[in-house]
Amino acid sequence: VFAHESFIDELAAMHDAAPVAFRLRFMNDPRAIALIRAVAERAGWTARRQTPKQVGRDTGVYRGRGFAQHQYVHGSYPGHGAAWCAWVCDVDVDTRTGVVRVRKVWVGYDCGLVINPDGVRHQIHGNVIQSCSRVLKEHVLFNDVGVSATEWGGYPILGFADVPDIDVLTMPANGNPPLGAGESGSVPSAAAIANAIHDAIGIRLRHVPFTPDRVLAAMRS
């Protein structure tokens with residue numbers, strides 16, 4: 001999903017097309033289309049800005065918005081389709097330090113009939129927090145001997161201060177059976193954040209995590 005949704009965003013930019021409209025042009029699944037339109041409306045999605053928007057004066061911080069979507073597939077190849085999920089996210093990128101902060105995530109979710117609405121929302125919140133941590137910070141550190149991060153205190157994870165605002169939109173069942181919430185809500189994260197970074201400062205990141213040193217290196221290249 002990271003590769004697919006990053007490159008479809010890049011194709012949209014090459015054709016000077018809005019990312020959401022460009023995707024919808026090639027989609028024919030009515031549930032996926034309805035979900036994308038609903039979360040885009042919920043987030044107040046507009047066409048990608050043509051010029052970066054700096055946050056404040058002379059701060060070096062730029063704000064961008066990204067989109068990604070998918071249907072979770074599990075089981076033996078070719079797999080079985082489960083829940084659909086779409087993200088809109090806003091990020092701030094500090095061009096002086098390379099730090100990326102995810103400010104808000106709108107998550108559209110279609111898992112059919114929802115048995116426990118609070119449980120689904122809590123599951124999606126967990127998906128967003130964990131996957132933002134994985135996209136921005138988490139990686140195993142090595143030295144010449146082997147793994148150097150051998151305990152949790154040395155392993156980088158998202159702190160409370162960096163948890164984004166999360167807005168969950170669950171679609172009506174429309175007679176569809178329950179598919180389960182699971183981890184589907186986490187999968188669009190890397191692509192949505194990468195696309196938002198591109199919207200903010202015009203660079204494409206190909207490897208996670210999007211650490212400050214990788215952001216600064218991409219800006220210099």
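A few notes on this one:
- A single member of ASP29, ASP16 is of a type in the set (Asp, Glu) and within 24 Å of ALA200 (Cα to Cα), and it is ASP16.
- Those residues of the range 133-147 which are open to solvent by 80 Å² or more (accessible area, probe 1.4 Å) and acidic (Asp, Glu), in sequence order: ASP144
- Any pair with Cβ under 7 angstrom, 6 or more apart, that starts in the range 127-146 at a residue that is within 23 Å of ASP90 (Cα to Cα) and outside any loop (DSSP other than H, G, I, E, B) and ends at one that is among the acidic types (Asp, Glu) and open to solvent by 80 Å² or more (accessible area, probe 1.4 Å): ASN127/GLU183
- Subset of the range 25-47 that is touching a helix residue (DSSP H, G or I) at 6+ places or on another chain (Cβ under 7 Å) and open to solvent by 40 Å² or more (accessible area, probe 1.4 Å) - its residue that is nearest to ASN176 (Cα to Cα): MET27
- One residue stands out in the range 91-126 among those that are among the basic types (Lys, Arg) and either more than 30 Å from LEU179 (Cα to Cα) or without any contact (Cβ under 8 Å) to a residue 24 or more places away in the chain (or both): the one that is surrounded by the fewest Cβ atoms within 10 Å (Cβ to Cβ), namely ARG96.
- Test: residue in the range 200-219 that is touching a helix residue (DSSP H, G or I) at 6+ places or on another chain (Cβ under 6 Å), modelled with pLDDT of 95 or more and open to solvent by 60 Å² or more (accessible area, probe 1.4 Å): yes
- Against the list (1) open to solvent by 80 Å² or more (accessible area, probe 1.4 Å); (2) touching a strand residue (DSSP E or B) at 6+ places or on another chain (Cβ under 8 Å), the condition GLN130 fails is (2).
- Scanning the range 55-78 for residues that are on the phi > 0 side of the Ramachandran plot and open to solvent by 20 Å² or more (accessible area, probe 1.4 Å) yields GLY56, ASP58, GLY75.
- Any chance GLN69 is under 12 Å from GLY185 (Cβ atoms), touching a residue at least 40 places away in the same chain (Cβ under 8 Å) and assigned to a strand (DSSP E or B): yes
- Of all residues in the range 148-173, exactly one satisfies the criterion of being open to solvent by 60 Å² or more (accessible area, probe 1.4 Å), under 30 Å from VAL39 (Cα atoms) and small (Gly, Ala, Ser), namely ALA161.
- Test: residue in the range 1-24 that is closer than 30 Å to LEU113 by Cα, in a loop (DSSP other than H, G, I, E, B) and out of contact with any helix residue (DSSP H, G or I) (no Cβ under 8 Å at 6 or more places or on another chain): no
- Some residue of the range 174-187 being among the β-branched types (Val, Ile, Thr) and either buried (at least 19 other Cβ atoms within 10 Å of the Cβ) or within 17 Å of the chain's Cα centre (by Cα) (or both): yes
The values are calculated or read from the model by the stated rules, or taken from the named source; none is laboratory data. These numbers come from a predicted model, not from an experiment. As a convention, Cβ positions derive from the backbone with ideal geometry for all residues, glycine included, and neighbour counts pool all protein chains shown. Heavy atoms of the whole protein, side chains included, go into the accessibility calculation; ligands, DNA and RNA do not. Shrake-Rupley method; radii C 1.70, N 1.55, O 1.52, S 1.80 Å.
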